[in-house]
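Novice: One structure, as structure tokens, below. Some questions next.
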Amino acid sequence: RFSNSQFRNTLTPKTHFVRRPFSVSLALTESDSPKSLNPDPQTLLQDLADSFDLPADYFAKLPRDLRLDLNDAAFDLSNGPVLDECGQELGETLLNLARAWELGDTSTSAALAKKLPLLESSLTGS
């Protein structure tokens, strides 16, 4: 006869974890298109602008911890090398966008985001 504790131990599944190093696999495909390595800056800027098209109540609906994270990210962006890496005009637009996020101002954010595709000519060559 089994006691209750022995019976429970036989029903409890044992889990064994094998520790393996974490790795990320990537797959590359061959393409003859020059766009595969050098995407069109205009398309990238339009995609960026579209991703910043936020509903008017977007910031208000964020949980407090995400709102704080957003403020931290906007602060980091505004204190980083944006102007050097993006050029003066695009850099200033991105910095103003970060300030709008810090203030939770979606109307300013939307207005600035709409300008992004128009700034292709101001991009730096790096």
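Values quoted throughout were computed directly from the atomic coordinates according to the rules given, and no laboratory measurement underlies them. Computed from a predicted model, the values in this text were never measured in an experiment.
Novice: What length, rounded to one decimal in nm, is gained on full extension from Asp47 through to Arg64, with 0.36 nm per residue of separation minus their alpha-carbon distance? Don't skip to the end; give the middle numbers.
Specialist: Values: separation 17, 0.36 × 17 = 6.12 nm, distance 2.75 nm.
Gain on extension, Asp47 to Arg64, equals 3.4 nm.
Novice: Calculate the radius of gyration of the Cα atoms of segment 39-119 to one decimal place, then report Dmax, the largest Cα-Cα distance, as a whole number, both in Å.
Specialist: 12.6, 37
Novice: Working out 0.36 nm times the residue gap between Thr108 and Asp84, then minus their Cα-Cα distance, what length gain in nm do you get to one decimal?
Specialist: Fully extending the segment from Thr108 to Asp84 adds 6.3 nm.
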